[in-house]
Amino acid sequence: MGIPPGYGKGLPGCGESHILVGSTMRKLVFILFSLLIGITALSGQEAEAPQVLGILTYLEGEVDVYRNGEQLSWYDVDIGLEVEEYDLIKTGSDGTADIELELPSRRAVSVHISPNTAFYFSLGQLESGTQTRFDMLKGTIGFKVKRLAFAGEVAVRTQAVAMGVRGTEFEVTTAPEGSLLITCSEGEGVCFD
């Protein structure tokens, strides 16, 4: 007498049905493991630390920093504050600040922010490397750049113009209506519409 059809399927020692269940179980474990890895990778992307571009080395008067759309409290905005990509920095009529940046190429940039200035930083990719951009809304920013790795490694953008830096010491002044003044004490800058 044989085993009735359907009886004992999936139990050890029952021939082909055991192999089928084992194969299905391995597939299920593989799928669950793959999902776990995918979820872990996605959660790791969300928890990625923001890109720190520099350090606030001097400040005087009213200096505000906005991060992720919110103004940092006045006691957080102090010497030693790490400046991150997309931080908006705004000085009042009596405010000045200095920031030391380290470019992706490991070159140093000193930035002096004058009163009544507003701008933010961003990074962009070019064929020749990473570009650090200063998007100016208004005011005056002075730059001292230590030998660039490539032309355009530092760029200043306003509403009207984008400027690639080829110099090492310069100042950019812009007004909300779009007028622009560039003063270069060493090196040169190239403006584009």
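The values are calculated or read from the model by the stated rules, or taken from the named source; none is laboratory data. Since the model is a prediction, treat every value here as computed from it, not as a measurement. Using ideal geometry, Cβ is built from the backbone for each residue, glycine included, and neighbour counts are taken over all protein chains shown. Accessible surface is based on the protein model in full, side chains and every heavy atom, while ligands, DNA and RNA are left aside. Shrake-Rupley method; radii C 1.70, N 1.55, O 1.52, S 1.80 Å.
Of all residues in the range 49-82, those being open to solvent by 10 Å² or more (accessible area, probe 1.4 Å), under 19 Å from N116 (Cα atoms) and among the β-branched types (V, I, T) number 3.
Among the residues in the range 83-90, are any surrounded by fewer than 17 Cβ atoms within 10 Å (Cβ to Cβ) and of a type in the set (K, R)? No, the conditions are met nowhere in the range 83-90.
Every residue, every condition in (1) under 27 Å from W74 (Cβ atoms); (2) of a type in the set (G, A, S); (3) at pLDDT below 75, yes or no:
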| residue | (1), (2), (3) |
| --- | --- |
| Y86 | yes, no, no |
| I89 | yes, no, no |
| G129 | no, yes, yes |
| K146 | no, no, yes |
| Q159 | no, no, no |
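Flag set for T183, criterion: modelled with pLDDT of 80 or more and β-branched (V, I, T).
If you take the residues in the range 148-157 that are modelled with pLDDT of 75 or more and open to solvent by less than 10 Å² (accessible area, probe 1.4 Å), which one is farthest from T132 (Cα to Cα)? Only one residue fits best here, namely V156.
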